[in-house]
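Asks: I am attaching a structure below and will ask some questions about it afterwards.
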Amino acid sequence: YIKAYLADLDKLKKALKCQHNTVITHWEPPSKSQVKVNFDSAFLQQSNKAVSGIIIRNNTGLVMGLCSYLIHNVRDLTIAEAYTCLKGAIFAEEIGFSDVIMERDSRIVIKKLQNHGNDRSAIGGVINKIIAMLRIFWNIEFQFIPREANRAAYAMAAWKWVNKARRNLEDDRPGERSQDENKGFALTGPPLK
């Protein structure tokens, strides 16, 4: 009985190892006609502020656009993540992309967006705004990715925090934004890995 139990445990360990090795831990390019919008947030609870980082890349990894936004009056990280997704969808639409994959390392936000139902949770208002935008795009998909594959978007958000701290983040008021704040820009350059 014990030998059979140990044999079953060995089989289970081998099966779990195989499944674990298939996890994507780096950014994967989209198909030729699509772009990927990777987004992430950094949240500072003491000030109820968050910063979003958004990167749009094509099938060769070429950065087609990037931006970061300061988000005021945010209660928690999940709300910040939902707002960042909304900003990412708006940014992709403003640049003119219609076949988009939105990627984030937040299961909560991605699952709610994949369900397409009327959401009544704390982030429901933002989720419903994103779902209302679906008709704007020819195709839009929402995918969960591990944090390791979303490092570039997180780095954008963290970079924005560092730069805002230099300008005294605590004194920043919603009506007193710098000219470059809340503006994204499209660019071309080498692929970002």
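The values are calculated or read from the model by the stated rules, or taken from the named source; none is laboratory data. The model shown is predicted, which means the values in this text are computed figures rather than measured ones. So basically every Cβ, Gly included, is an ideal-geometry build from the backbone, and we count neighbours across all protein chains shown. The area values use the complete protein model at the heavy-atom level, side chains included, leaving out ligands, DNA and RNA. Shrake-Rupley method; radii C 1.70, N 1.55, O 1.52, S 1.80 Å.
Asks: Can you find a residue in region 58-76 that is under 15 Å from Phe144 (Cβ atoms), in contact (Cβ under 8 Å) with a residue 40 or more places away in the chain and buried (at least 24 other Cβ atoms within 10 Å of the Cβ)?
Replies: Looking only at region 58-76, we keep the residues that are under 15 Å from Phe144 (Cβ atoms), and these are none.
No, because not a single residue in region 58-76 is under 15 Å from Phe144 (Cβ atoms), in contact (Cβ under 8 Å) with a residue 40 or more places away in the chain and buried (at least 24 other Cβ atoms within 10 Å of the Cβ).
Per-residue answers, yes or no, for (1) acidic (Asp, Glu); (2) modelled with pLDDT under 90; (3) open to solvent by 40 Å² or more (accessible area, probe 1.4 Å):
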site: Glu94; (1), (2), (3): yes, no, yes
site: Arg107; (1), (2), (3): no, yes, yes
site: Ala122; (1), (2), (3): no, yes, yes
site: Ile127; (1), (2), (3): no, no, no
site: Asn163; (1), (2), (3): no, yes, no
site: Asp171; (1), (2), (3): yes, yes, yes
site: Asn182; (1), (2), (3): no, yes, yes
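Asks: Quick check on Asn115: is it modelled with pLDDT under 90 and loosely packed, with under 15 Cβ neighbours inside 10 Å?
Replies: Values: modelled with pLDDT under 90: yes; loosely packed, with under 15 Cβ neighbours inside 10 Å: yes.
Against the criterion (modelled with pLDDT under 90 and loosely packed, with under 15 Cβ neighbours inside 10 Å), Asn115 qualifies.
Asks: Regarding Ala15, is this residue open to solvent by 30 Å² or more (accessible area, probe 1.4 Å), modelled with pLDDT of 70 or more and of a type in the set (A, V, I, L, M, F, W, C)?
Replies: Working: open to solvent by 30 Å² or more (accessible area, probe 1.4 Å): yes; modelled with pLDDT of 70 or more: no; of a type in the set (A, V, I, L, M, F, W, C): yes.
Spelling it out, it is not the case that Ala15 is open to solvent by 30 Å² or more (accessible area, probe 1.4 Å), modelled with pLDDT of 70 or more and of a type in the set (A, V, I, L, M, F, W, C).
Asks: Name the strands (runs of 3 or more DSSP E) wholly inside region 38-149 in which the number of residues that are over 10 Å from the mean Cα position of the chain (by Cα) and among the polar types (S, T, N, Q) is 1 or more. Working first, answer last.
Replies: Numbers: elements: 49-57, 63-71, 99-104, 139-144.
Those strands (runs of 3 or more DSSP E) span 63-71, 139-144.
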